Every structure is written in structure tokens, then in C-alpha cells.
1. What's the FRET efficiency of LYS95 with ASN160 using the Cβ-Cβ distance as r and R₀ = 45 Å, to the nearest 0.05?
2. Ranking TRP231, TRP105 by Cβ neighbours within 10 Å, fewest first, what do you get?
3. Round to a whole angstrom and tell me the spacing of the C-alpha centers of segment 132-170 and segment 90-109.
4. State to the nearest 20 debye the size of the charge dipole of the chain about its Cα centre, where the only charges are +1 on K and R beta carbons and -1 on D and E beta carbons.
5. Between SER79 and SER112, what is the spin-label point distance in nm, taking each point 7 Å from the Cα along the Cα→C-beta axis?
6. In nanometres, what is the gap between the two model label sites at ASP88 and MET269, each 7 Å from Cα along Cα-to-Cβ?
7. Could you work out [θ]222 nm for the chain from helices alone, using -39500 (n - 2.57) per DSSP H run of at least four and dividing by all its residues? Round to the nearest 500 deg cm²/dmol.
8. For LYS227, LYS146, what's the fewest-to-most ordering of other Cβ within 10 Å of each Cβ?
Amino acid sequence: MVVLSKPAMEQFCLVKNCKAPTLFPGVPLIDLSKPDSKHLLVKACQEFGFFKVINHGVPTEFITKLESEAVKFFSLPLSDKEKAGPPDPFGYGNKKIGPNGDIGWVEYIILSTNSEFNYQRFESIFGMTPEKFRDAVNDYVSSVKKMACEILELMAEGLNIQPKNVFSKLLMDEQSDSVFRLNHYPPYPDLQELHGRNLIGFGEHTDPQIISVLRSNNTSGLQIQLKDGSWISIPPDQSSFFINVGDSTQVLTNGRFKSVKHRVLANSMKSRLSMIYFGGPPLSEKIAPLPSLMEGEDSLYKEFTWFEYKKSAYKSRLADNRLVLFEKI
Ligand code: GA4
């Protein structure tokens, strides 16, 4: 059984239940088996920075294997899980998100996708054999990374820019600074304490990287923010993936594609489990609008490396607009 010690309610963020916006046609759906989906994909990245992917080619076996390893881990006593923490930035975390005082009704594991070091901390928990967990993560991540690269190639094709691997090569690079995250949102049953409001599981934010690939179990909670500021709930779909455009892609496309603000609300009945791959560039990579997209346009952003952006992100609060610091005045 999962026991999360109950903190003082005032520490947590609550939000009013919001009405559905009047003009939302639904989550854009991209069928990766259809080559002409690149136009829909570009439209979705421009309008929402968010879409859902089907016919993705990620084997169900990899998903269920990892999900069952994650359930096993999060079912352990808190004192055992804490042996794999704190997240500095990799490891187990509970309620505290990032280094600057954000909290949410969530526990999680953050791993680097290219480091064996990650798993030393799990040895004491899984005995001397954290290999099953490691193999499940590796199989899942390699398959999801392949899909992320296909999506990034469709993006380049849809934007009519060459070569088609301009975005995907950043993830394919051996030095790619990518991250993998497992989030567990336990149910929050004390609804009467909330007075008709919702408890925040993971506060609103945009992802700093290039692309994020999210898969969750069948529990709702994810919301995205539309341009008019309204929040819409995304119905869960455990057999599909949801894609977020990250801040770095907003810069690479000189603002054509928008990084999407999103958040997760805690559920009163069921646990939500999500797995997210954050595809990032090498630390030394210059993040600037692609020249092939500029044609006389001025860059909206000052030049920076991914290392600089990441350093600045880790000084920010979750809800901050991290790109404003890099916008040209
Ligand atoms: C958001 C995207 C990823 O989950 C993450 C997060 C990171 C963390 O949880 O440690 C950050 C957050 C994320 C953005 C700003 C900083 C860093 C918490 C935070 C306040 C792993 C990431 O790369 O950036």
C-alpha cells in the first residue's frame, strides 16, 4: 500500500474546477502510419504545441513491463523508496518538485537516459539486481526515442526544411541530454477538504527540452492550457502517446511552434501513473532559430546553449515563463 504522509493542506496549490472552453475542437490526432500526417502535425504544433499519436510502433510489451516495474517500486514502503532519493536531479522524489519550493501531490523517479549511475541507488531496494527495472526502462526509452525522432523528422518535412534530421539529430547525438521520468499520483480521497476545488498533482509549467513523450494509465488528470488561458482536460488513453512541444523547439522554430503549458490534477479515486521521455540536445548545443526558417526574419531570441538554458531553468519556479529571460527586447 502507498502511504504518503499527509502534509498541511495550505502548502498545496488548489485550483477551481474550470468550465470547458467553448472553442476546442479536441486533441489533434496524428496517425504515424499515414505519411501525410505531417501537415496536421505542424498545425497542431502551431496551435497547441500538443497532440496525440496512434500507430506509434512502441511494443505494448515494453509498456506493460515498465508499468508493472513502476507499480512495484511505488508500492514499496516510503522509507525504502527514499533510499533512491533525493532527486539531485536524478533519483526518487516525493511532493517536492525541483529545487525552488514547488510541491505537488506526486511522487516520482527521474533518470538520465544515458547513465548507468542511475541504478546504483536502486540496488539496495531491488537487492543486488536492479537489472529488471533497468532493462524495462532501457527497452521502453529506446523505443520511445525512436518514435520521437520519427515525429521530429515529420516536423522538419512538414515545415519544408532540410535536412530532415535537423531536429532528430539532437536526440540521436550520443551526448543528448535526455531525461526519463515516472510519476505516481496517489488518489486524494479527502474531497470535502477541498471545497469544490482540485488539488494540484504537478503544477503548471512548460517543458524546457525539445520534445516530451507522455504515456499514462487510464486515470485522468492531465490538462493543457489554450492560447486564451483556459484549461482543458485531456481524456487519458493508455494505448496512445501524448506529445508536448518543449521550449527549445519554440526557439528553434523562432516561435512558430509553441511550447505547451500543462499541469496534472490529483484524482480522488484512482492512482495515476505516467511515464515521460524528455528529449533534449547535448549540453553544448547552441539553441537558436534554424536559418532555413528565418528568410529575412529576425530572431526573437538571444543566443544560448542548452547548458545555459538548463542552468537558468533550475533557478526558476515551475510556473515561471523561462523563455522571457532569453527573448530579444
Ligand atoms: C519540467 C520537465 C521535467 O519534468 C524536468 C522538470 C524539473 C524537475 O522536476 O526537477 C524542473 C522542471 C522540469 C522545470 C524547471 C525546474 C526543473 C523543476 C523545476 C522547477 C525533469 C525538467 O527537465 O524540467
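Readers should treat all values here as calculations from the given coordinates under stated rules, not as data from a laboratory. Note that this is a predicted model, so its numbers are computed, not measured. Neighbour counts run over all protein chains shown; Cβ positions are idealised from the backbone, glycine included.
1. 0.50
2. Neighbour counts put them in this order, fewest first: TRP231, TRP105.
3. Here the two parts' Cα centres lie 27 Å apart.
4. Value, rounded to 20: 640 debye.
5. Roughly 3.1 nm, to one decimal.
6. For ASP88 paired with MET269, the spin-label model returns 4.2 nm.
7. Result for the chain: -7000 deg cm²/dmol, rounded to the nearest 500.
8. Least to most surrounded, the residues fall as LYS227, LYS146.
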